[in-house]
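What follows is a short report on a single structure.
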Amino acid sequence: MPSIIVTGGRPLSGSVRAGGAKNSALKLMAAALLAPGESVIHNVPAISDVDVMARVLEGLGARVTREDHTVRVDASDVTSVETPYELVAQMRASIVVLGPLVARFGHARVAMPGGCNIGSRKIDMHVHGLEHLGVDVSFEHGFIDAAAPEGLRGAQVILDFPSVGATENLLMASVLAEGVTVIDNAAREPEIGDLVDMLTSMGARISGRGSSTLEIEGVRTLTPAEHTTIGDRIEAGTFLVAGALAGGPVTVTGFDPSHLEMLLNKLGAAGCEMVVAGESVTISRTEPVVPVDIATLPHPGFPTDMQAQFMALMALAQGDSVITENVFENRFMFADEIKRMGADIDIEGHRALVRGVDRLEGAPVCSPDLRGGAALVLAGLVAEGQTVVTGVHHIERGYEDFTGKLASLGADVRMSEE
Ligand code: EPZ
């Protein structure tokens with residue numbers, strides 16, 4: 001079974017570049033479905049989730065070609081509107097083809113996304129929003145069937161919660177609707193802004209970028225676009241925490257530091273020094289880790305995708321900290337694994353009480369999910385002895401060459417296939 005083997009105690013220093021944002025690139029690829037012709041998306045990371053999205057698009061009849069970090073999607077001859085269960089089950093983000101398919105073809109059949117191990121991952125907001133736009137949604141044999149034979153009509157949609165996926169699906173459904181759509185309580189993650197930018201370059205008329213209220217004036221047709229994905233703030237944040245744990249100085253480039261303002265604030269409060277310059281942040285720490293409470297929230301709050309990585313840092317703080325997970329209902333599995341390395345953490349519902357310890361010990365551990373897996377590798381960087389992390393497929397979903405990038409900073413880390 002493949003594993004990542006890391007031997008702790010090595011200092012980290014140097015510079016590493018974040019790739020394109022996974023949580024943007026997947027949606028930019030889906031947006032290409034909205035227009036006949038070939039869209040070109042640059043700075044797409046070479047990760048398995050992108051492979052799955054490419055297969056989803058090819059299954060619909062689009063032609064997808066990839067060279068280096070550029071993906072070309074020709075949606076001229078989309079022949080199907082159905083996405084099979086086996087692909088959606090691999091990656092629930094496949095659900096974002098729903099909006100573009102029903103917008104352009106008036107019909108979509110997408111397998112219900114299973115839950116995953118961080119929560120039930122419901123789609124009620126996606127469905128209710130599409131129904132407001134005139135889509136008839138039904139559920140049969142594990143599929144969502146969305147039909148709008150007369151086309152979509154603009155409407156006012158207020159999201160119960162600023163869901164990233166629901167905002168994206170409704171954005172992509174509304175750009176070809178008749179009339180004006182307003183999405184209120186929309187998600188404000190930077191990846192939404194990136195999608196708005198690509199849709200705008202395709203000819204969409206969207207105002208309110210970056211705010212909680214997006215207004216979309218439907219147009220009749222869109223044209224393909226060429227777009228460069230923003231840098232991955234979560235990959236960048238993961239490497240910044242590596243620098244915080246090992247002491248650094250570590251420089252992370254290739255992303256917009258303003259996309260990580262809350263994380264940088266919390267790393268500063270935890271005793272790290274940071275120098276922000278253009279598309280790079282250099283982090284170092286010479287003082288003991290200061291305990292800092294965090295609560296995950298929709299952007300610009302503390303990102304839930306950085307919760308496990310930050311918990312790894314708090315595990316070694318000089319004191320107690322409380323980590324509250326407000327976005328997903330079951331995103332503390334990482335805690336169970338890092339406790340095997342000697343961390344002292346008590347979970348009570350949505351709260352984790354982290355009592356800092358002096359050191360962690362290397363141990364065999366298993367990635368519970370994408371970010372928890374990355375955080376276990378981070379913990380291994382500063383644990384005494386060897387840590388063997390299994391469940392590597394989770395990590396490969398969202399990190400291109402994770403061990404190679406860490407090794408380039410001086411870490412003693414490698415992939416093992418046996
Ligand atoms: C996106 O997931 C990201 N994934 C997640 O990153 C990220 O954690 C999340 O946004 C929050 O930032 C991608 O972009 C591919 P949501 P998404 O809809 O869109 C509930 C990673 O590690 N909800 O904002 O699924 C839902 O169950 C991944 O890269 C409903 O109840 O997130 C969750 O508890 C993990 N009904 C909360 O809202 C709905 O209709 C936030 O979900 C939709 C969502």
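The values are calculated or read from the model by the stated rules, or taken from the named source; none is laboratory data. Bear in mind that the values here come from a model prediction, so they are computed numbers and not experimental data. Glycine gets a Cβ as well: all are built from the backbone with ideal geometry, and neighbour counts include every protein chain shown. All accessible areas refer to the heavy atoms of the entire protein, side chains included, with ligands and DNA or RNA removed. Shrake-Rupley method; radii C 1.70, N 1.55, O 1.52, S 1.80 Å.
Hey, among GLY179, GLY208, which residue is surrounded by fewer than 19 Cβ atoms within 10 Å (Cβ to Cβ) and under 20 Å from LEU152 (Cα atoms)?
GLY179
One line per residue, one yes/no per condition, for (1) modelled with pLDDT under 95; (2) aliphatic (A, V, I, L, M); (3) under 15 Å from ALA352 (Cα atoms); (4) under 15 Å from the mean Cα position of the chain (by Cα):
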{"site": "PRO291", "(1), (2), (3), (4)": "no, no, yes, no"}
{"site": "PRO298", "(1), (2), (3), (4)": "no, no, no, yes"}
{"site": "PRO303", "(1), (2), (3), (4)": "no, no, no, yes"}
{"site": "GLN307", "(1), (2), (3), (4)": "no, no, yes, yes"}
{"site": "PHE310", "(1), (2), (3), (4)": "no, no, yes, no"}
{"site": "LEU313", "(1), (2), (3), (4)": "no, yes, yes, no"}
{"site": "GLN318", "(1), (2), (3), (4)": "no, no, no, no"}
{"site": "ILE323", "(1), (2), (3), (4)": "no, yes, yes, no"}
{"site": "VAL327", "(1), (2), (3), (4)": "no, yes, yes, yes"}
Extreme residue, nearest to the ligand (Cβ to nearest atom), among residues of the range 314-327 that are open to solvent by less than 40 Å² (accessible area, probe 1.4 Å) and under 30 Å from GLY193 (Cα atoms) = GLU325
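Filter the range 77-103 down to residues that are among the small types (Gly, Ala, Ser) and away from the ligand (no atom under 16 Å from the Cβ) and give me whichever is surrounded by the most Cβ atoms within 10 Å (Cβ to Cβ). If you could, list the steps in order and put the result at the bottom.
We begin by selecting, within the range 77-103, every residue among the small types (Gly, Ala, Ser); these are 80, 89, 93-94, 99, 103.
Now narrow it down to the ones that are away from the ligand (no atom under 16 Å from the Cβ): 80, 103.
Details: SER80: 14, ALA103: 27.
Once the filter is applied, the top-ranked residue is ALA103.
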Requiring at least 1 residues that are under 30 Å from CYS366 (Cβ atoms), the strands (runs of 3 or more DSSP E) wholly within the range 105-173 are 107-111
Flagged in the range 162-194 as in contact (Cβ under 8 Å) with a residue 40 or more places away in the chain, within 10 Å of the ligand (Cβ to nearest atom) and not polar (S, T, N, Q), in numbering order, are PRO162, VAL164, GLY165, ALA166, GLU168, ALA187, GLU189, GLU191
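When you check GLY61 against the structure, is it out of contact with any helix residue (DSSP H, G or I) (no Cβ under 9 Å at 6 or more places or on another chain), open to solvent by less than 40 Å² (accessible area, probe 1.4 Å) and touching a residue at least 40 places away in the same chain (Cβ under 8 Å), yes or no?
It is false that GLY61 is out of contact with any helix residue (DSSP H, G or I) (no Cβ under 9 Å at 6 or more places or on another chain), open to solvent by less than 40 Å² (accessible area, probe 1.4 Å) and touching a residue at least 40 places away in the same chain (Cβ under 8 Å).
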Does ALA32 count as open to solvent by 10 Å² or more (accessible area, probe 1.4 Å), more than 13 Å from the ligand (Cβ to nearest atom), closer than 18 Å to THR228 by Cα and of a type in the set (Gly, Ala, Ser)?
-> no
Report yes if some residue within the range 237-252 is open to solvent by 10 Å² or more (accessible area, probe 1.4 Å) and under 18 Å from the mean Cα position of the chain (by Cα); otherwise report no.
-> no
Selection from the range 11-28 of residues that are part of a loop (DSSP other than H, G, I, E, B), open to solvent by 40 Å² or more (accessible area, probe 1.4 Å) and within 11 Å of the ligand (Cβ to nearest atom) = none
Filter pass, ALA54 being buried (at least 23 other Cβ atoms within 10 Å of the Cβ) and either within 13 Å of the ligand (Cβ to nearest atom) or outside any strand (DSSP E or B) (or both) | no
Subset of the range 284-297, residues within 16 Å of the ligand (Cβ to nearest atom) and buried (at least 21 other Cβ atoms within 10 Å of the Cβ), comes to ILE294, THR296
Is there a residue being over 20 Å from the mean Cα position of the chain (by Cα), closer than 16 Å to ALA31 by Cα and more than 8 Å from the ligand (Cβ to nearest atom) anywhere in the range 133-156?
-> no
Only unsatisfied item for SER280, checking (1) crowded, with 21+ Cβ neighbours inside 10 Å; (2) out of contact with any Asp or Glu (no Cβ under 9 Å at 6 or more places or on another chain), is (1)
Subset of the range 174-192 [under 21 Å from the mean Cα position of the chain (by Cα) and not acidic (Asp, Glu)] | ASN185, ALA186, ALA187, ARG188, PRO190, ILE192
Number of the condition not met by GLY106 [criteria: (1) in contact with a strand residue (DSSP E or B) (Cβ under 8 Å, 6 or more places away or on another chain); (2) within 11 Å of the ligand (Cβ to nearest atom)] = (2)
Tally, over the range 126-137, of residues that are under 17 Å from PHE105 (Cβ atoms) and surrounded by fewer than 22 Cβ atoms within 10 Å (Cβ to Cβ) = 3
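Just to be sure, is ASP305 in contact with a Lys or Arg (Cβ under 7 Å, 6 or more places away or on another chain) and open to solvent by 50 Å² or more (accessible area, probe 1.4 Å)?
Considered against the rule, which asks whether it is in contact with a Lys or Arg (Cβ under 7 Å, 6 or more places away or on another chain) and open to solvent by 50 Å² or more (accessible area, probe 1.4 Å), ASP305 comes out as no.
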Looking at (1) within 24 Å of SER15 (Cα to Cα); (2) in contact (Cβ under 8 Å) with a residue 40 or more places away in the chain, can you tell me which one GLY404 breaks?
-> (2)
Filtered residues of the range 352-381 (kept if surrounded by fewer than 24 Cβ atoms within 10 Å (Cβ to Cβ) and more than 16 Å from the ligand (Cβ to nearest atom)) | ALA352, LEU353, ARG355, GLY356, VAL357, ASP358, ARG359, GLU361, GLY362, ALA363, PRO364, CYS366
